[in-house]
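Here's the structure we're looking at; comments come further down.
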Amino acid sequence: MTTDDKTLRIFMAITALILLTVAAGCLDRPLTPGHRTLEGDVWVLKLDDAGNREWFTIIDSGRFDEALSVIEAPDGYAIAGSVSDVDEFHPTPSVILLDREGTVVWDKAYSSPDDRRGTGITPDGLGGFALAASRGLIILTDSDGNERHRTDFAAEGEYWAIALSGAGGWIVAGGDRIAKIDANGTIAWQEPVRGVNPGSIPIIAPDPAGGFLIAGEAAEAPGAITAARFDDRGAPVWNTTIRSDPGEGYLPSAVRQDATGGYSLLAGVTDGEPAGVLEISLGGDGSILQRSTINASAPVTWTPGGGYLSAALIENGYGGAQLRAERLDEDGSVQWTSTQRLDEYSIIVALIPTSDGGSAALGMYMKY
């Protein structure tokens with residue numbers, strides 16, 4: 001397996017494995033004699049439009065800090081994750097807000113009687129945020145991060161996603177279901193998701209006119225991706241499975257709706273040589289119009305003006321890591337490459353374009 005393959009699997013899965021180890025009680029003591037207990041710190045790297053470092057922020061509460069999602073907010077960046085005492089592991093959903101210079105504005109945890117992790121976040125349209133956490137816990141906050149409402153589906157699924165609905169309210173997805181929550185936090189409807197692996201991390205692409213697409217790992221075809229289109233009441237419209245070539249697997253990284261009413265999807269290629277990124281174009285009826293491979297790494301996303309942003313850990317060890325971020329044009333040619341040294345063993349979680357033409361990468365330090 002290549003270094004990029006390993007990075008991609010870290011991006012989608014290694015955090016869950018680490019936390020399962022924690023839950024089994026392995027991290028309430030040093031892993032080996034002379035080693036510290038495992039700690040997690042959150043980091044955010046901001047790059048300008050040429051790939052130069054603008055700032056690098058580390059969030060270290062002294063406990064096990066985890067980050068799983070980042071968005072650009074009106075006045076900075078909002079991060080969904082969790083916080084837990086290392087010696088008594090109990091992940092609690094959290095949101096961190098950074099300003100435009102990377103300074104922490106506030107860092108809030110939201111109590112839960114059982115283990116939950118914040119895995120998705122979106123603005124609420126009122127200056128606050130809507131946080132999606134494990135097993136369908138949805139928390140609405142005000143602009144200062146104070147909880148103003150919660151909805152608990154008490155459902156399966158470690159990873160839940162949330163997105164603003166074109167018809168108002170939010171679409172949430174996780175485990176075996178999708179649902180609509182109105183502006184007051186009331187559940188308007190919920191339906192089975194159909195075709196998407198309940199253990200995968202779903203991606204939601206809302207349609208401004210109503211309806212939405214859910215993409216995730218396919219439930220019945222290992223290594224494949226399912227893209228499922230629903231109307232604004234959660235009724236299925238179409239379902240397309242993108243199958244992998246022999247010896248390969250796909251992990252979805254980004255989905256968007258195109259101006260034509262179809263959809264584009266980016267997915268990291270795992271196990272194959274070279275790894276690369278698969279781009280799929282779907283028609284408005286779910287038909288596969290085109291598929292191509294880009295010489296890039298996941299996490300990967302599009303730039304607003306066309307082209308791609310890509311990141312990978314090209315070196316990673318207990319002495320530190322090397323992060324490589326790249327911007328590619330529409331033809332996949334590299335416009336710039338930025339290499340950044342990280343001080344600890346790292347996980348890269350997400351990469352987003354920013355409104356100033358730059359980008360922000362979200363990750364974690366795993367410290368022993």
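Name the strands (runs of 3 or more DSSP E) wholly within the stretch 114-197 that hold at least 2 residues that are closer than 16 Å to Ile96 by Cβ? Give the steps one after another, and end with the answer.
Numbers: elements: 118-123, 129-133, 137-141, 147-152, 160-164, 170-174, 177-181, 187-192.
Where strands (runs of 3 or more DSSP E) fall fully within the stretch 114-197 and carry at least 2 residues being closer than 16 Å to Ile96 by Cβ, they are 118-123, 129-133, 137-141.
Taken over the stretch 75-94, residues that are among the small types (Gly, Ala, Ser) and not in a strand (DSSP E or B) amount to 0. For the stretch 184-215, taking the residues that are hydrophobic (A, V, I, L, M, F, W, C) and closer than 15 Å to Ile121 by Cα, the one that is surrounded by the most Cβ atoms within 10 Å (Cβ to Cβ) is identified as Ile201. Scan the stretch 95-107 for residues that are part of a strand (DSSP E or B) and either among the acidic types (Asp, Glu) or under 20 Å from the mean Cα position of the chain (by Cα) (or both) and the total you get is 6. Taking residues in the stretch 216-227 that are in contact (Cβ under 8 Å) with a residue 12 or more places away in the chain, and partners anywhere that are among the aromatic types (Phe, Trp, Tyr), the pairs with Cβ atoms closer than 8 Å and at least 6 places apart or on different chains are Glu217/Tyr250; Gly223/Tyr250; Ala224/Tyr250; Ile225/Tyr250; Ala227/Tyr263. Counting just the residues of the stretch 47-74 that are under 21 Å from the mean Cα position of the chain (by Cα) and assigned to a loop (DSSP other than H, G, I, E, B), which one comes out modelled with the lowest pLDDT? Filtering the stretch 47-74 for residues that are under 21 Å from the mean Cα position of the chain (by Cα) and assigned to a loop (DSSP other than H, G, I, E, B), the one modelled with the lowest pLDDT comes out as Pro74. Scanning the stretch 241-261 for residues that are over 22 Å from the mean Cα position of the chain (by Cα) and more than 23 Å from Asn295 (Cβ to Cβ) yields Ala259, Thr260, Gly261. Considering every residue within the stretch 276-291, establish whether at least one is acidic (Asp, Glu), under 19 Å from Arg256 (Cα atoms) and either assigned by TED's automatic domain parsing to the domain that holds Ile79 or in a loop (DSSP other than H, G, I, E, B) (or both). Yes, the conditions are met somewhere in the stretch 276-291. Sub-8 Å Cβ pairs linking a first residue in the stretch 203-214 that is outside the structural domain of Ser264 (by TED's automatic domain parsing) to a second residue that is surrounded by 24 or more Cβ atoms within 10 Å (Cβ to Cβ) and of a type in the set (Asp, Glu), at least 6 apart or interchain, number zero.
The values are calculated or read from the model by the stated rules, or taken from the named source; none is laboratory data. Keep in mind it's a predicted model, so treat the numbers as computed, not measured. Using ideal geometry, Cβ is built from the backbone for each residue, glycine included, and neighbour counts are taken over all protein chains shown.
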